[in-house]
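Novice: Below: one structure in structure tokens.
The values are calculated or read from the model by the stated rules, or taken from the named source; none is laboratory data. Because the structure is predicted, anything quoted here is derived from the model rather than measured. Note: ideal-geometry Cβ built from the backbone for every residue, glycine included; neighbour counts use all protein chains shown.
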Amino acid sequence: MALTLKAMQYFTTALRLGSLTKAADALHISASAIATAIDQVEAEFDLPLVTRRRAQGIEATANGRAIFQKFERLLEDYAAVLQEGAELKQALSGPLRIGYYAPVAPAFLPHILRRMLPDEAEVTLHLEACDNDAAQDGLLTGAYDAILFVSDDARPAIDHDVLVTAPPYALLPEGHLLAEAPDLSIADLANEPLIVLNRPFAGAYYQRLFEAAGHTPRVAAHTNSTEMVRSLVGARQGVAILNMWPRTEITYAGDALVARPIADPLPALTLSVGYDKSAPRRLVRHFVEAARVHFEELGVGRCVVE
């Protein structure tokens, strides 16, 4: 029978005080519970550990003293772990692990982190780009403390807060004929070669936009990189549909881009922050609040084409 921490505590308290009655009073339990715990410890080791003397209390045998010392160290270590855990939960320190499925997260995530972390904070950031499924898997397994993800396909077990709703927009190279229009339609884009962001959830979503409007897109390229989509569009290899705008009109290659809203009534994508709401660390709570404030105070116009 495996010993419980409670049995170890009762055993060590009784030997420290030298009395079942005194141990029972100190722990606010019955003397019989103390006696049962001592019996359990002796049965576990199959050794006589305590000498009981009527009206004179109890005394540890040589083996009992050795076990007593080991139990005390074990219980002290256990209490220290609990204390450190409580302090970590309340501290703005330690690791913060964030998984993000947000193609333009580098456009806003550093500013969110800067907002939440004072200069003296001893925080180590672990930021990992991943797809939507991997982000949710990581949150559920504890690999991430928080995730930025598209919550339109959020699993029931994922707690999350919505940050911004991003409608689709058209991405065009500067100087393209369609770039002069104030807004476009899916029909306009169906006649153009399309660069598709081919990532889990995203690729199927963009395909559905055309199918719902009764069009079949002319796909010129698939890529799983948002910046490659932008660079291919900038190099005039086609046009694209995206949802979040990184607030820069220049690609890595130095080509200029134009974003135009799409007039059709199309489903938007929802960017959310996912985290365990039941008992979040203070550091995680600060991150969630900073993310919410970033989009509320600075406006969705920082990342959405309306």
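Novice: For segment 96-143, enumerate the residues that are farther than 22 Å from Leu197 by Cα, touching a helix residue (DSSP H, G or I) at 6+ places or on another chain (Cβ under 6 Å) and crowded, with 20+ Cβ neighbours inside 10 Å.
Specialist: Leu96, Ile112, Met116 - these are the residues of segment 96-143 that are farther than 22 Å from Leu197 by Cα, touching a helix residue (DSSP H, G or I) at 6+ places or on another chain (Cβ under 6 Å) and crowded, with 20+ Cβ neighbours inside 10 Å.
Novice: Further, regarding this structure: Need the failing condition index for Pro103 against (1) outside any loop (DSSP other than H, G, I, E, B); (2) over 13 Å from Ala291 (Cα atoms), just the number.
Specialist: Tallying (1) outside any loop (DSSP other than H, G, I, E, B); (2) over 13 Å from Ala291 (Cα atoms), Pro103 fails exactly one: (1).
Novice: So which of Ile195, Ile186 ends up being surrounded by 18 or more Cβ atoms within 10 Å (Cβ to Cβ) and touching an Asp or Glu at 6+ places or on another chain (Cβ under 6 Å)? Working first, answer last.
Specialist: Values: Ile195 fails: touching an Asp or Glu at 6+ places or on another chain (Cβ under 6 Å).
From the options Ile195, Ile186, the qualifying one is Ile186.
Novice: Within segment 85-98, is even one residue charged (D, E, K, R) and closer than 30 Å to Met8 by Cα? Explain how you work it out, then say what you get.
Specialist: Residues of segment 85-98 that are charged (D, E, K, R), as a first pass: 87, 89, 97.
Subsequent filtering for residues that are closer than 30 Å to Met8 by Cα retains 87, 89.
Within segment 85-98, one or more residues are charged (D, E, K, R) and closer than 30 Å to Met8 by Cα.
Yes/no per residue for (1) within 14 Å of the chain's Cα centre (by Cα); (2) charged (D, E, K, R); (3) modelled with pLDDT of 90 or more; (4) closer than 23 Å to Lys277 by Cβ:
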{"site": "Glu72", "(1), (2), (3), (4)": "no, yes, no, no"}
{"site": "Leu82", "(1), (2), (3), (4)": "no, no, no, yes"}
{"site": "Ser93", "(1), (2), (3), (4)": "no, no, no, yes"}
{"site": "Ile98", "(1), (2), (3), (4)": "yes, no, yes, yes"}
{"site": "Ala107", "(1), (2), (3), (4)": "no, no, no, no"}
{"site": "Ile112", "(1), (2), (3), (4)": "no, no, yes, yes"}
{"site": "Asp137", "(1), (2), (3), (4)": "yes, yes, yes, yes"}
{"site": "Ala157", "(1), (2), (3), (4)": "yes, no, yes, yes"}
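Novice: Is there a residue in segment 120-129 that is modelled with pLDDT of 95 or more and either out of contact with any strand residue (DSSP E or B) (no Cβ under 8 Å at 6 or more places or on another chain) or not assigned by TED's automatic domain parsing to the domain that holds Pro280 (or both)?
Specialist: no
Novice: Could you go through segment 168-178 and let me know if any residue there is at pLDDT 90 or above, out of contact with any strand residue (DSSP E or B) (no Cβ under 6 Å at 6 or more places or on another chain), farther than 15 Å from Ala240 by Cβ and not assigned by TED's automatic domain parsing to the domain that holds Asp153. Step through it out loud before you land on a result.
Specialist: So in segment 168-178, the residues at pLDDT 90 or above come out as 168-178.
Keeping just the survivors that are out of contact with any strand residue (DSSP E or B) (no Cβ under 6 Å at 6 or more places or on another chain) gives 173, 175-177.
Applying the additional criterion that residues be farther than 15 Å from Ala240 by Cβ yields 175, 177.
Pick out the ones that are also not assigned by TED's automatic domain parsing to the domain that holds Asp153 and you get 175, 177.
For segment 168-178, residues at pLDDT 90 or above, out of contact with any strand residue (DSSP E or B) (no Cβ under 6 Å at 6 or more places or on another chain), farther than 15 Å from Ala240 by Cβ and not assigned by TED's automatic domain parsing to the domain that holds Asp153: present.
Novice: In this structure, does Ala268 turn out to be under 25 Å from the mean Cα position of the chain (by Cα), exposed (fewer than 14 other Cβ atoms within 10 Å of the Cβ), among the small types (Gly, Ala, Ser) and under 21 Å from Leu197 (Cα atoms)?
Specialist: Answer is yes for this residue.
Novice: Still on this model: For residues that are in contact with a Ser or Thr (Cβ under 7 Å, 6 or more places away or on another chain) and surrounded by fewer than 15 Cβ atoms within 10 Å (Cβ to Cβ), tally how many sit in segment 146-164.
Specialist: Number satisfying all stated conditions: 2.
Novice: Let me ask something else. Could you list, in sequence order, all residues of segment 106-128 that are part of a helix (DSSP H, G or I) and either in contact with an Asp or Glu (Cβ under 6 Å, 6 or more places away or on another chain) or not small (Gly, Ala, Ser) (or both)?
Specialist: Narrowing segment 106-128 to residues part of a helix (DSSP H, G or I): 106-107, 109-116.
Residues satisfying the conditions are Pro106, Leu109, Pro110, His111, Ile112, Leu113, Arg114, Arg115, Met116.
Novice: Since Ser185 meets every condition but one in (1) under 30 Å from Phe210 (Cβ atoms); (2) among the hydroxyl-bearing types (Ser, Thr, Tyr); (3) not assigned by TED's automatic domain parsing to the domain that holds Leu197, which condition does it not meet?
Specialist: Tallying (1) under 30 Å from Phe210 (Cβ atoms); (2) among the hydroxyl-bearing types (Ser, Thr, Tyr); (3) not assigned by TED's automatic domain parsing to the domain that holds Leu197, Ser185 fails exactly one: (3).
Novice: If you check Thr248 against the conditions, is it among the β-branched types (Val, Ile, Thr), over 20 Å from Phe149 (Cβ atoms) and within 29 Å of the chain's Cα centre (by Cα)?
Specialist: yes
Novice: Tell me the residue from Leu139, Leu184, Leu197 that is within 30 Å of Thr124 (Cα to Cα), in contact with a strand residue (DSSP E or B) (Cβ under 8 Å, 6 or more places away or on another chain) and touching a residue at least 24 places away in the same chain (Cβ under 8 Å), please. Working first, answer last.
Specialist: On the way: Leu184 fails: within 30 Å of Thr124 (Cα to Cα); Leu197 fails: within 30 Å of Thr124 (Cα to Cα).
After ruling out the rest, the residue left standing is Leu139.
Novice: Taking the stated definitions as given, is Leu271 closer than 25 Å to Arg114 by Cα, touching a strand residue (DSSP E or B) at 6+ places or on another chain (Cβ under 8 Å) and outside any helix (DSSP H, G or I)?
Specialist: The answer is yes for Leu271.
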